[in-house]
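What follows is a short report on a single structure.
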Amino acid sequence: MDTTPDPRRWWGLAAIGLAQLMVVLDMTIVNIALPTAQADLGISDADRQWVITAYTLAFGGLLLLGGRLGDVWGRKRTLIVGLVGFAAASALGGIAQSFEMLITARALQGVFAALLAPAALSMLNVTFTDARERARALGVYGAIAGGGAAIGLILGGALTQYVDWRWTLMVNVPIAALAVVGAALFLHDPVGGRVRVRLDIPGALLATGGLLAIVFGLSEAEQDGWTSAIVLGSLTVGVLLMAAFVAVERRTPHALLPLHLLRDRNRLGALSAVGLSQIGMFGVFLFLTYYMQGVQGFSPMATGIAFLPMVVGMMTGAVGISARLLPRVGPRRLMIPGLLIAAGALTFLTQIEVGSSYWLHVFPGLLFLGLGMGLTFMPSMATATGGVRGSDAGVVSATLNTTQQVGGSIGIALLNTIAASATSAWILDNGGPAADLDEAAVAGFTTAMWVSVGALVLAALTAAILVNAHPSDSHRPLTPEELADADLAGAPMSGAEAPVAQAVGAPATGGSTDPGEDAPAVMRP
């Protein structure tokens, strides 16, 4: 059998990189456009969070199933289907004439992202079989993932300000078209690369339905009250569906989430810290975007640039500090200080007022929030994905990514409800219709941020109690046998391979590339 590397493989990497860039862009680019889109389509304050949540919820809820489908259908086919579907959903969002149409498009984007994201990294793993070449390819992939967040902030501001907010969605169409052409021409599945396994459809439906019910209940609490029938009913249904999901996963031989992986206290602690920390991250993006544009009068472009200190802080924390210290001090001594620094930064941001200065009151908070998250995410990723068999590498990475997306979805729904309720209460207490709406909005934002502070403190406490891995456990060099096993399993990026991607909340993907393995291909803020 000819084992000569495909001479066109680096062109294939370009197609994979475009696919990854598109997914990462969509996590930040729409945030900057949201205030303009809300005004254009007449979206209420209570409903605006669904523009973000519809995407993250569909993405996180179907990620495990999407990775498995890549194994069954073939990764190239799955990648192309995901790209075409994502482009079509983006075009639908770009021409949306109503809130319902936009939300449908965003949910469809999440569905197809759950297909293309795991397939993209799986294709990288099977395309670059040489260890050194794969390291270079992963470096390019990680740089795209990390830089994509910053590009999304700036591009979102530029398109919204100088063209139209709709192009923050439509921009995906030409990117996807180029990626489809590249994938069709330069990528191919290995011979015998498909896996014949039963799909865990009941598990996927139960997990997605349960999460949707919980998020819906949290989002409706502002309008109907926490004790209303629809809120209590939705939350109850969500909890019951999630309990049924656990019961199904315990019995099915092809579980999307093998529960034995959660018995490791270090992994459980890392996953809990990641999920809780997303509340702070997603909340800051949502509220500070509205604060800077709606209260401070920033243009969309200026708003995007204003968030860059957080990206710089994340990259510094991950690349400059965590990547160097993790092998020596272990994850716990980085995670706890990182989470507490981030909580302190959010506490600082709760002090903003209508007339606050960006440089004195916002810039320091964003910089140190990013630094704290950079210190936290990388060791959390290494701990969550470390110490597993090659056959489990994919599903662990999928669980990590799902935890991030779901944590963000629940966090946005909860925080938006708290903010809207606090704003309404402030207006009633300060003159009703005559109240200052900017003051009311800031009161709502700061109240919600205090909840984010609590979530980060709880994450630090969880890490202190559960994470006890030693430096050698989380970041020791792999033996040749372990490295080969991890290569065959398509182990996710970790450690120094993709610190930027892991720090900025961008998907860091991993997946099974061994046709004999059960673990699905998966994707990773």
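Data overview
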| read-out | value |
| --- | --- |
| Residue list for the stretch 292-321, filter: among the hydroxyl-bearing types (Ser, Thr, Tyr) and either in contact with a Phe, Trp or Tyr (Cβ under 8 Å, 6 or more places away or on another chain) or farther than 15 Å from MET378 by Cα (or both) | SER299, THR303 |
| Flag for MET242 being modelled with pLDDT under 90, touching a Gly at 6+ places or on another chain (Cβ under 6 Å), farther than 27 Å from ALA441 by Cα and not acidic (Asp, Glu) | no |
| Unique residue being more than 23 Å from ALA91 (Cβ to Cβ), surrounded by fewer than 18 Cβ atoms within 10 Å (Cβ to Cβ) and modelled with pLDDT under 95 when the list is LEU199, LEU187 | LEU199 |
| Test: MET292 is closer than 24 Å to ARG48 by Cβ and either assigned to a helix (DSSP H, G or I) or of a type outside the set (Gly, Ala, Ser) (or both) | yes |
| Given (1) under 19 Å from PRO35 (Cβ atoms); (2) not in a loop (DSSP other than H, G, I, E, B), index of the condition VAL312 fails | (1) |
| VAL81 vs. criteria in contact with a Lys or Arg (Cβ under 7 Å, 6 or more places away or on another chain) and not charged (D, E, K, R) | no |
| Residue count for the stretch 304-340, restricted to those that are among the hydrophobic types (A, V, I, L, M, F, W, C) and more than 24 Å from ALA464 (Cβ to Cβ) | 9 |
| From LEU346, LEU259, residue being at negative phi, touching a Leu at 6+ places or on another chain (Cβ under 7 Å) and not polar (S, T, N, Q) | LEU346 |
| Close pairs (6 angstrom Cβ cut-off, 6 or more residues apart or separate chains): among the aromatic types (Phe, Trp, Tyr) in the stretch 415-441, at pLDDT 90 or above and assigned to a helix (DSSP H, G or I) anywhere | TRP426/ALA440; TRP426/ALA443 |
| Residue pairs meeting the criteria (Cβ under 7 Å; at least 6 apart or on separate chains; first at pLDDT below 90, in the stretch 1-23; second among the charged types (D, E, K, R)) | PRO5/ASP130 |
| Qualifying residue in the stretch 262-274 (condition: at pLDDT below 90, assigned to a helix (DSSP H, G or I) and buried (at least 24 other Cβ atoms within 10 Å of the Cβ)) | no |
| Test for LEU206: is it closer than 26 Å to LEU34 by Cβ and within 24 Å of the chain's Cα centre (by Cα) | no |
| Condition check for ASP40: of a type outside the set (A, V, I, L, M, F, W, C) and within 27 Å of LEU288 (Cα to Cα) | yes |
| Unmet criterion (only one of (1) over 24 Å from SER44 (Cβ atoms); (2) in contact with a Pro (Cβ under 6 Å, 6 or more places away or on another chain)) for GLN293 | (1) |
| Counted residues, the stretch 81-104 - those being more than 17 Å from MET27 (Cβ to Cβ) and of a type in the set (Phe, Trp, Tyr) | 1 |
| Residue in the stretch 55-69 that is closer than 18 Å to THR402 by Cα and over 18 Å from the mean Cα position of the chain (by Cα) present | yes |
| Candidate set from the stretch 31-53 (those that are among the aliphatic types (A, V, I, L, M), in contact with a helix residue (DSSP H, G or I) (Cβ under 9 Å, 6 or more places away or on another chain) and surrounded by fewer than 24 Cβ atoms within 10 Å (Cβ to Cβ)); member that is modelled with the lowest pLDDT | ALA46 |
| The one condition in (1) at pLDDT below 90; (2) over 21 Å from the mean Cα position of the chain (by Cα) that THR236 fails to fulfil | (1) |
| Entirely in the stretch 322-426, the helices (runs of 4 or more DSSP H) that have 1 or more residues that are basic (Lys, Arg) and either farther than 30 Å from TRP50 by Cβ or modelled with pLDDT of 90 or more (or both) | 323-329, 332-349 |
| Residue within the stretch 158-171 that is farther than 17 Å from TRP11 by Cβ, surrounded by fewer than 24 Cβ atoms within 10 Å (Cβ to Cβ) and at pLDDT below 90 present | no |
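The values are calculated or read from the model by the stated rules, or taken from the named source; none is laboratory data. Nothing here was measured: the structure is a model prediction, and the numbers come from that model. Using ideal geometry, Cβ is built from the backbone for each residue, glycine included, and neighbour counts are taken over all protein chains shown.
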